[in-house]
Amino acid sequence: MSGLSRRQVIAASVGGVATTVGLGLFGAWALRRDETPAASDARTPIPTEMGPTTTTRPPKLLEVRTVKSAARNREVEVVAFRPDGVAPGTLPVCLALHGRGARARVFTGLGVGGQLSAAAAYAVVAVDGGDSYWVKTSAKDDPVAMLTDELPGWLTDLGLNPRPFAVLGVSMGAYGALNYVRDHPDAVRAAAVISPAVFTSWTEARARGVFTTRAQWEQTEPLRHIDALRGAKLGVWCGTADPLLPSANRLIDTARPAVARTAPGGHDADYWTTVVPEALSFIGSHI
């Protein structure tokens with residue numbers, strides 16, 4: 001495992017009240033409240049990843065470290081959010097995977113830090129994964145190996161549990177999150193995916209210009225490996241104006257998640273910030 005090279009620690013003291021969503025909402029599978037729009041086909045628009053559209057104050061406890069990833073052959077940032085009011089100790093961890101065109105820091109703008117609380121004490125840790133849908137695209141860039149082989153050591157250095165109990169993914173990060181569940185069935189108890197970029201056909205997947213072969217896509221496409229997700233409690237959120245809603249609905253219909261929410265919104269940060277509180281409360285209910 002690579003050790004830490006250089007680090008930047010950001011500690012901001014910012015007031016605010018964490019939003020709390022009742023944990024009782026998550027006891028049973030909830031039917032989505034929309035009707036599927038026109039069927040997806042090869043012309044389904046490719047959403048453009050968008051960063052937060054508003055300026056969000058830094059959370060109280062945010063730590064950013066720059067580390068060398070041998071698996072990705074570059075330096076990456078590890079961003080850790082901790083709940084306020086929790087005594088030092090080895091907190092359980094939810095791994096957060098960002099979308100295409102974003103980096104680990106995007107979760108700061110989505111308000112992740114402000115939603116953590118001592119009531120359900122766990123840390124959220126994000127890491128830079130590139131734009132390859134969290135799959136290996138070359139011998140010099142393997143984000144899967146980074147998460148499996150290097151992340152545990154980085155979490156230990158942060159004073160956190162080295163085995164994430166949950167995973168949160170946004171857009172492309174949802175593709176990676178569902179595969180992380182498959183790769184770590186004995187550790188992951190819950191997964192929350194928002195605006196999941198999953199694909200019902202090779203035509204759709206190939207249009208992303210990421211997968212090296214159809215075989216690689218078939219091996220990594222979560223919709224083709226639903227049974228491998230059964231061990232973790234799953235929550236799915238998607239906006240009804242999201243062009244990827246048909247694929248999200250396929251995931252809902254086949255995986256039958258514990259929570260399925262579709263509501264007005266697009267494939268953008270404005271929608272994501274509205275559902276992050278519920279997604280994090282869902283995760284917190286499975287510590």
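The values are calculated or read from the model by the stated rules, or taken from the named source; none is laboratory data. What you see is a predicted model; the values in this text were computed from it and never measured. Glycine also receives a Cβ, built like all others from the backbone with ideal geometry; neighbour counts cover every protein chain displayed. We work out accessible area using only protein heavy atoms, side chains counted, and drop any ligands, DNA or RNA first. Shrake-Rupley method; radii C 1.70, N 1.55, O 1.52, S 1.80 Å.
On the stretch given as region 113-136, residues that are in contact with an Asp or Glu (Cβ under 8 Å, 6 or more places away or on another chain), hydroxyl-bearing (Ser, Thr, Tyr) and under 20 Å from Ala174 (Cα atoms) total 1. Please tell me if Ala145 is open to solvent by less than 30 Å² (accessible area, probe 1.4 Å), in contact with a Leu (Cβ under 8 Å, 6 or more places away or on another chain) and either of a type outside the set (S, T, N, Q) or at pLDDT 95 or above (or both). No; evaluated as a whole, the condition is false for this residue.
For region 201-260, list the helices (runs of 4 or more DSSP H) that sit wholly inside it and hold at least 3 residues that are open to solvent by less than 30 Å² (accessible area, probe 1.4 Å); which are they?
Qualifying helices (runs of 4 or more DSSP H): 214-220, 245-255.
The criterion of being surrounded by fewer than 22 Cβ atoms within 10 Å (Cβ to Cβ) and out of contact with any helix residue (DSSP H, G or I) (no Cβ under 9 Å at 6 or more places or on another chain) does not hold for Pro277.
Residues are listed down the side, and each one gets a yes or a no for (1) touching a Lys or Arg at 6+ places or on another chain (Cβ under 6 Å); (2) surrounded by 24 or more Cβ atoms within 10 Å (Cβ to Cβ); (3) of a type in the set (A, V, I, L, M, F, W, C):
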position	(1), (2), (3)
Asp84	yes, no, no
Arg105	no, no, no
Gly114	no, no, no
Val124	no, yes, yes
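Restricting the search to region 61-82, which residues are of a type in the set (Asp, Glu) and open to solvent by 40 Å² or more (accessible area, probe 1.4 Å)?
Pass one, region 61-82, residues of a type in the set (Asp, Glu): 63, 75, 77.
Across region 61-82, the qualifying residue is only Glu75.
Val275 falls short on exactly one of the conditions (1) in a helix (DSSP H, G or I); (2) under 16 Å from Ala177 (Cα atoms), and that condition is (2).
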